[in-house]
1. If you take the Cα Rg of the chain and divide it by 2.2 N^0.38 Å, with N the number of residues, what do you get?
2. What ranking, highest mean first, results for peptides 662-670, 43-51 when packing means the other Cβ atoms within 10 Å averaged over each residue?
3. Nearest 5 is fine: what % of DSSP beta bridges in segment 614-745 come out antiparallel, could you say?
4. Under the 0.36 nm per residue contour assumption, what length would be gained going from the current alpha-carbon distance of residue 724 and residue 681 to full extension?
5. I need to check one value: relative contact order of the chain, counting alpha carbon pairs closer than 8 Å and at least 6 residues apart, in percent.
6. Kindly provide the helix-only [θ] at 222 nm of the chain, computed as the sum of -39,500 (n - 2.57) over DSSP H runs of four or more divided by all residues, to the nearest 500 deg cm²/dmol?
7. At R0 = 60 Å, how high is the FRET efficiency between residue 423 and residue 295 if r is their beta carbon distance? Nearest 0.05 is fine.
8. Roughly speaking, what is the stretch gain from residue 26 to residue 116, that is 0.36 nm per residue apart minus the C-alpha to C-alpha distance, in nm to one decimal?
């Protein structure tokens, strides 16, 4: 019992915790989440392929159950959960996840809809040719091996094959405090860029853009980033690429059409995408969209129908690009483990250079390994030649000596290996023809050794040899082959346009009517405003606001408490009956009344003034509210209310204000501040009463007002010099004939 307590170490808790967490973090970074720059694999993927290789699951062999492979992996190399290992194996087999799959799967390995693969007991697998390329040279001393977690087996530290898997297939992972995200690329383009780096090791990242156009996703699509943005991402190792679905317009006769999507962005489940678009239709967020159908089989075919034949196809797709995963951003974070097992973010050039440096190392190690094999064989061949030249004596020694091996070593100056090989020769080999074959083999091996030694000693020869090997690999994955052709187009395009909802609706004329009691409705067409008696109201109610508008308009409703509300013209109740209370459409505080109702013209400016004579200028666009609660625009002092809401004409340069005391003044519009919210400044000073009305006009044209009665005539006063004064003055009596109601209109 005391021995157990003797093992307890007294240490600060925070130090012990940080030390253990650091060990966990380093393990996650170096042995789980980040790929190696040399072969582009994480340990689980490397161990999967290694186990399949030992099971002899090469492309020419038959398939074996995935459960058998997973069992070997978790039992010998990777002591983790079987499901996580199987999920990693499934991804290596999915043609829509990997640009160049490393596992050839048979059975249900999931689909682009997002469905999961079948259980491992039902699926079978073997290696692909690409996996063979990646593991080529493992038996030629090209890489170091290490003991497995239990010390019973060996596994390679990295794969030596001449296949740029890191960039060709990409990778993604989340470690502790860092992550990686590398999209797949076209193998032929990567080889061209690597060959250029071999010829010009000082080539910059932008020079490599002549060869690597951008990512090449297994699901195709269109990368719509500009060349500068792509180059900047590859130069820093960080960035993102906007990827859109590929679509075409398909004529369906009688002037109708549909948009057909044939390729969707990388790693976007098709079922989720269709649900997003269907939700837009159900929620009526995209009025120009009518229906969506999934007609896919092995090939993607998503049919999108517009509301009418007059809808612009590009407008419809731009809206879908903004609102759904038909356009996504694929990140680039080239964070990998270098040859020294240190994580770092690399540029495209740095990643290719690191891979090439490793391939040069592999080439030299393979050559040295072959030289060692040749030396071993030459040693034996030299011993065989000695035996043939002294055949009778060798036979006599074997027949007569008790220890023939030791005698031959002394008499013919042989090594132990040579003597042992001579003693193990078969009798049928003791013929003249065999001697000739040995001499030919020896001469051939000596020539091969000389060439290999030249290759080892000459970096220029190494570069030539590597370029030749890369060219042979490129020929197997050439752009003319089905696997090697580029699938993703690079087409620069700006961000998807934000299409206003109004632009998606049919623009129809309406007449908006609101009564004094707050009942609102919209009649079809522009009715005659001069004959409002034809419009019916509830008993005791009458017209308050009436004007022409369109269904695409947004209407501004200004309450007397200074709060502005926004109504959609197309959502107003129909013109039959009395309409509906406007309070059902907005959240109005108390029993407040309304000061104005009019269409919101985006570029228009408004004159706002309260009964206490304070006011300012604001924009109509700034007064638009996004919610039912509206937007407070005018801050009123106690006892005041919003009295004036007038649109300022484009050429208006003066303000006219008149008080309840029948005093009028005129001052320049420039003396009023333009604000988005506030109380404003004093327009007119009063001893008693308050502001009755205010308007804007063009000073050079004078001020006009309607005359009384039903004549419809107006009267104008062009000489306003006696009313022209500074803002905030008391003013003087208006011109003769000015309306008794103290209103400009």
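Every number here is computed from the coordinates shown, using simple stated rules; none is lab data. This is a predicted model, so every value here is computed, not measured. Cβ: placed from backbone, ideal geometry, glycine included. Neighbour counts: every protein chain shown.
1. On the way: Rg = 42.5 Å, N = 745, 2.2 N^0.38 = 27.2 Å.
Output field value: 1.56.
2. Working: 662-670: 18.9, 43-51: 23.8.
By packing density, highest mean first, the sequence is 43-51, 662-670.
3. Just about 85 percent of them are antiparallel.
4. Numbers: separation 43, 0.36 × 43 = 15.48 nm, distance 1.79 nm.
Length gained, residue 724 through residue 681: 13.7 nm.
5. Details: 1379 pairs, mean separation 65.9, N = 745.
Contact order relative to length: 9 percent.
6. Working: 18 runs with 228 residues, N = 745.
-9500 deg cm²/dmol, from helical runs alone.
7. Working: r = 76 Å, r/R0 = 1.26.
Using R0 = 60 Å, I get an efficiency of 0.20.
8. Values: separation 90, 0.36 × 90 = 32.40 nm, distance 3.12 nm.
Here the answer is 29.3 nm.
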